[in-house]
Amino acid sequence: MTVFSPQNRSTPADQRRLTKLSKFLSLILRHQPERFALAIDEEGWASLPEVMEILKGLPNFRWVTRADVMRVVEEGSGDDKRRFEVEGNRIRARYGHSFAQPILYKPCMPPSILYHGTSQHALAAIRREGLRPMGRQYVHLSPDPGTAARVGARRDERPVILTVRAAEAHAAGVVFHQADEAVYLAKHVPVEFVEMPDE
Ligand code: HQG
């Protein structure tokens, strides 16, 4: 069993292992649960004991304890992102799902403005069709431009930060959901609610 004492916490090797674990949890909870015969309900919950069993059966993840999973849940993979949530004996990804079975969230009243960080490359298509979920179930929106910049920087070293007039879109019937403090979701944001940079 791997014991994380204060001495071996946050060493680069420790961080790498937690990042690997976080990516694997994303794979089974957001993208391909069926590959591991993992049942997920419509709010995204899976059984944590079942997830631990799956990990134990994989040579690369035999070392993982429930405490390791809790570190990923609480600290992210070194980036403080709250990708997962544990409640009693269940675990879920808060957002980011790409599998076909729809994940349902309660509707919310969004803040008046939300932000979306994207690449220069995507701008032309966004101008034509608005924001679309592409490979995921929902478009992901950020409550502040700094978070949006970090999201966009995954795809472009000079990301574009788009401003979404969310309250106005909500009033016009676009449904928003809040997946986490820093993540809002919508199925589609029509371009009339997105401030596009001049061409
Ligand atoms: C773009 C990460 C063409 C969109 C992040 C984005 C986030 C369009 C890309 C979360 C388009 C999709 C999600 C259109 C939007 N035509 N491209 N009409 N509309 N796009 O990864 O928002 O680290 O699925 O701008 O932090 O980048 O995984 O979405 O560039 O919270 O926890 O299509 O994933 O979180 O890319 O990121 P993604 P995203 P984690």
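The values are calculated or read from the model by the stated rules, or taken from the named source; none is laboratory data. Predicted, not measured: the structure shown is a model, and the values here were computed from it. A quick note on method: Cβ atoms are made from the backbone with ideal geometry, for glycine too, and the neighbour counts reach across all protein chains shown. Calculation scope for accessible area: heavy atoms of the full protein, side chains included, ligands and nucleic acids excluded. Shrake-Rupley method; radii C 1.70, N 1.55, O 1.52, S 1.80 Å.
Can you name every residue in segment 112-133 that is more than 7 Å from the ligand (Cβ to nearest atom), under 18 Å from the mean Cα position of the chain (by Cα) and hydrophobic (A, V, I, L, M, F, W, C)?
114
Take segment 14-31 and flag every residue that is closer than 10 Å to residue 93 by Cβ and in contact with a Ser or Thr (Cβ under 7 Å, 6 or more places away or on another chain).
Within segment 14-31, 30, 31 meet the criteria.
Quick one: count up the residues across segment 140-161 that are over 18 Å from residue 197 (Cβ atoms), touching a strand residue (DSSP E or B) at 6+ places or on another chain (Cβ under 8 Å) and more than 6 Å from the ligand (Cβ to nearest atom).
Initial filter on segment 140-161 (over 18 Å from residue 197 (Cβ atoms)): 140, 143-144, 146-147, 150, 154.
Imposing the further condition that a residue be touching a strand residue (DSSP E or B) at 6+ places or on another chain (Cβ under 8 Å) reduces the set to 140, 143-144, 147, 150.
Those still in the list that are more than 6 Å from the ligand (Cβ to nearest atom) too: 143-144, 147, 150.
Total satisfying the criteria: 4.
Closer than 30 Å to residue 33 by Cβ and among the basic types (Lys, Arg): which single residue out of 158, 136 fits that description?
On the way: 158 fails: closer than 30 Å to residue 33 by Cβ.
Result: 136 is the single residue among 158, 136 that is closer than 30 Å to residue 33 by Cβ and among the basic types (Lys, Arg).
Could you check segment 96-118 and list, in sequence order, the residues that are open to solvent by less than 20 Å² (accessible area, probe 1.4 Å) and in contact with a strand residue (DSSP E or B) (Cβ under 7 Å, 6 or more places away or on another chain)?
Result: 110, 114, 117, 118.
What pairs come up if the first residue lies in segment 174-199 and is closer than 10 Å to residue 110 by Cα and open to solvent by 50 Å² or more (accessible area, probe 1.4 Å), the second is of a type in the set (A, V, I, L, M, F, W, C) and not in a loop (DSSP other than H, G, I, E, B), and their beta carbons are under 9 Å apart, counting only those six or more places apart or on different chains?
The qualifying pairs are 175/108; 175/186; 178/108; 178/185.
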